[in-house]
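The values are calculated or read from the model by the stated rules, or taken from the named source; none is laboratory data. Owing to the predicted nature of the structure, the values given are computational and were not obtained by experimental measurement. Counting neighbours? That spans all protein chains shown, and the Cβs are built from the backbone with ideal geometry, glycine included. Please note that ligands, DNA and RNA were not included when accessible areas were found on the heavy atoms of the full protein model with its side chains. Shrake-Rupley method; radii C 1.70, N 1.55, O 1.52, S 1.80 Å.
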Amino acid sequence: MLRYVQEQEAWDQFIRGNLGESAKLVNVSKFSSDSRVYESSGTIHKIRRLTPASMRNRNNSLEDEYLVLKRLSSIRGVPRAHSYKRIDQWEQLEMEVLPALQGYDPTFGRPKETLIDFWNVIQLTWELNRNGCSHGDLHRDNVGRNIQGSISIFDFDQACLDRPWRCMIRDMLGLGTCERRSEFSLFNRLRDVRGIGLVLRAVVRVSKHLLGFLSRTPSSSVVPNPVPEPAFMERARLRADPNLEVLANAWRLAARAHASAPGVDIGYYSIDIAGINFPGERPWMLRWDRIQKGIDFKGKQLLELGCNMGLLSIHAKLYGATACLGIDVDKEILEAAALASRAFEVEVAHRLLDLDAPFPWEGELKGFDIVSALSVLHWVKDKKRAWAFIAQHNEVLYEGHESEQEAESNLRQAGFMHIVRLGATERNRQMFYAARS
Ligand SMILES: C[S@@+](CC[C@H](N)C(=O)[O-])C[C@H]1O[C@@H](n2cnc3c(N)ncnc32)[C@H](O)[C@@H]1O
């Protein structure tokens, strides 16, 4: 049996005991939900539960990160580290809260500001490099203009200490001068900048085609590459826990389904269980943290629209819902959802249904206490009809692609007068719980 609920309770206990009741989860790594960031009493706490998944993929322990930050403590824009602790299987790094990044997408608009920001990022990066540190992960979620207008840089878990020129080569060009090369160098980031990005992408595409053409082999000798088995499948099998294997199969199916990230073989959500990371585009735990704090599912019947792998239904069931039905338009993802609920040993019903189907399916989906429409209406053509259906319920859990004001106004128009903001999700979109009164 998966010890999933116990693992979450261990997290809650550690956080409550060390950071207090009011600690707020601000980030979860998509590479491992056992690496999290909390804010409590005006400080940031990076916490890692030491599991195989949380240690894989990372260059540094939190202690290494602490030492790096200590070396950079005089640089403006770098968070000051206060302390590092290791308690049994837990690591805890405490540091200063810096103003959050503005987080705009440089691909759209404002090329002049983007270039000015870019120049400022280069200057800050050079400061790090001069001090013998390469950040190694200059992704736009980690460095950029903050809400106060200056530049902040976060997340030194890929950083390394080396000679200044080596650090510069790694951060500017992404070449591997430390233990590993940098995935997000400044050169790589240039591809995001409007105008320059278009030209760079075109050059890369043409070069790839050219290389492919020059190195092509006669068709008779082409042997198709076998699809390698995902690492999490192997790890799950090694544990000899049938539920973990079922879960791994669910993730493998989900990765290939059309309902997941288009063009990439990866599922929608990432989650860690028993020290294994089941990979996905976005961390599930951040989303569930927001939902769980705002909604009590005990005794309720949930209808999950566009359920994908049905993680919401599974969690609602684990935390007391009496019945859950997940509907989705994608047959494969529903097969994955059925396997996932089997792995968690909870009963969730699933139904293949297109919310744009012409027949009156509304009449067949009656009697639910709460309906969820998380990131799904965006894909539905007839939004008026979908809202009319949602309006038939007493409670709704909602996340849209429209602005927060528009979302609130849509909820009010559907007759939900009591609206609660549950917090921003990993894609910086607000989630709402709303009830009729
Ligand atoms: C972006 S995912 C959201 C998953 C989940 N609701 C969440 O946010 O946690 C959207 C899901 O909606 C499903 N979907 C898209 N259009 C749909 C439609 N017309 N009817 C039913 N499901 C649909 C997709 O297959 C996909 O699984």
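Summed over the range 222-274, the residues that are at pLDDT 85 or above, among the hydrophobic types (A, V, I, L, M, F, W, C) and away from the ligand (no atom under 16 Å from the Cβ) give a count of 10.
Listed conditions (1) surrounded by fewer than 17 Cβ atoms within 10 Å (Cβ to Cβ); (2) modelled with pLDDT of 95 or more are all met by residue 373, apart from (1). How about the range 365-404: which of its residues are near the ligand (Cβ under 9 Å from one of its atoms), charged (D, E, K, R) and closer than 12 Å to residue 434 by Cα? Scanning the range 365-404 gives a single hit, 399.
Among the numbered conditions (1) closer than 23 Å to residue 298 by Cα; (2) in contact with a Pro (Cβ under 9 Å, 6 or more places away or on another chain), the only one that residue 426 does not meet is (1). Residues in the range 20-38 that are open to solvent by less than 70 Å² (accessible area, probe 1.4 Å) and part of a strand (DSSP E or B): 25, 26, 28, 29, 32, 33, 34, 35, 36, 37, 38.
Within the range 308-335, if we keep just the residues that are touching a helix residue (DSSP H, G or I) at 6+ places or on another chain (Cβ under 6 Å) and part of a loop (DSSP other than H, G, I, E, B), the residue that is nearest to residue 258 (Cα to Cα) turns out to be 308. If a residue has to be part of a loop (DSSP other than H, G, I, E, B) and either exposed (fewer than 14 other Cβ atoms within 10 Å of the Cβ) or among the aliphatic types (A, V, I, L, M) (or both) to count, how many in the range 357-368 make the cut? Residues that pass the stated criteria total 7. Test residue 412 against the criterion of being over 30 Å from residue 270 (Cα atoms), open to solvent by 50 Å² or more (accessible area, probe 1.4 Å) and more than 10 Å from the ligand (Cβ to nearest atom), and give yes or no. Spelling it out, residue 412 is indeed over 30 Å from residue 270 (Cα atoms), open to solvent by 50 Å² or more (accessible area, probe 1.4 Å) and more than 10 Å from the ligand (Cβ to nearest atom). Quick one: in the range 50-102, which of the residues that are in a strand (DSSP E or B) and open to solvent by 60 Å² or more (accessible area, probe 1.4 Å) is farthest from residue 271 (Cα to Cα)? Ranking the qualifying residues of the range 50-102, first place goes to 82. Of all residues in the range 318-335, those satisfying the criterion of being open to solvent by less than 60 Å² (accessible area, probe 1.4 Å) and near the ligand (Cβ under 10 Å from one of its atoms) are 326, 327, 328, 330, 333, 334. Of all residues in the range 155-176, those satisfying the criterion of being open to solvent by less than 60 Å² (accessible area, probe 1.4 Å) and farther than 25 Å from residue 201 by Cα are 155, 156, 157, 158, 159, 160, 162, 164, 167. Among the residues of the range 340-350, some residue qualifies, meaning at least one is touching a helix residue (DSSP H, G or I) at 6+ places or on another chain (Cβ under 8 Å), more than 15 Å from the ligand (Cβ to nearest atom) and at positive phi.
For (1) in a loop (DSSP other than H, G, I, E, B); (2) farther than 18 Å from residue 70 by Cβ, each residue gets a yes or a no:
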residue: 141; (1), (2): yes, yes
residue: 148; (1), (2): yes, yes
residue: 158; (1), (2): yes, no
residue: 169; (1), (2): no, yes
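Each row is one residue, and each column tells you yes or no for (1) among the acidic types (Asp, Glu); (2) outside any strand (DSSP E or B); (3) open to solvent by less than 30 Å² (accessible area, probe 1.4 Å).
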position	(1), (2), (3)
297	no, yes, yes
337	no, yes, yes
341	no, yes, yes
351	no, no, no
388	no, yes, no
398	no, no, yes
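For the range 274-295, filtering for residues that are hydrophobic (A, V, I, L, M, F, W, C), part of a strand (DSSP E or B) and surrounded by fewer than 22 Cβ atoms within 10 Å (Cβ to Cβ) leaves 0. Within the range 69-94, the set of residues being more than 25 Å from the chain's Cα centre (by Cα) and among the aromatic types (Phe, Trp, Tyr) comprises just one member, 84. The lone criterion from (1) of a type outside the set (A, V, I, L, M); (2) more than 19 Å from residue 167 (Cα to Cα); (3) open to solvent by 60 Å² or more (accessible area, probe 1.4 Å) left unmet by residue 123 is number (2).
Considering every residue within the range 410-423, establish whether at least one is over 19 Å from residue 301 (Cα atoms) and at pLDDT below 95. Within the range 410-423 (the criterion being over 19 Å from residue 301 (Cα atoms) and at pLDDT below 95), the answer is yes, since at least one residue qualifies.
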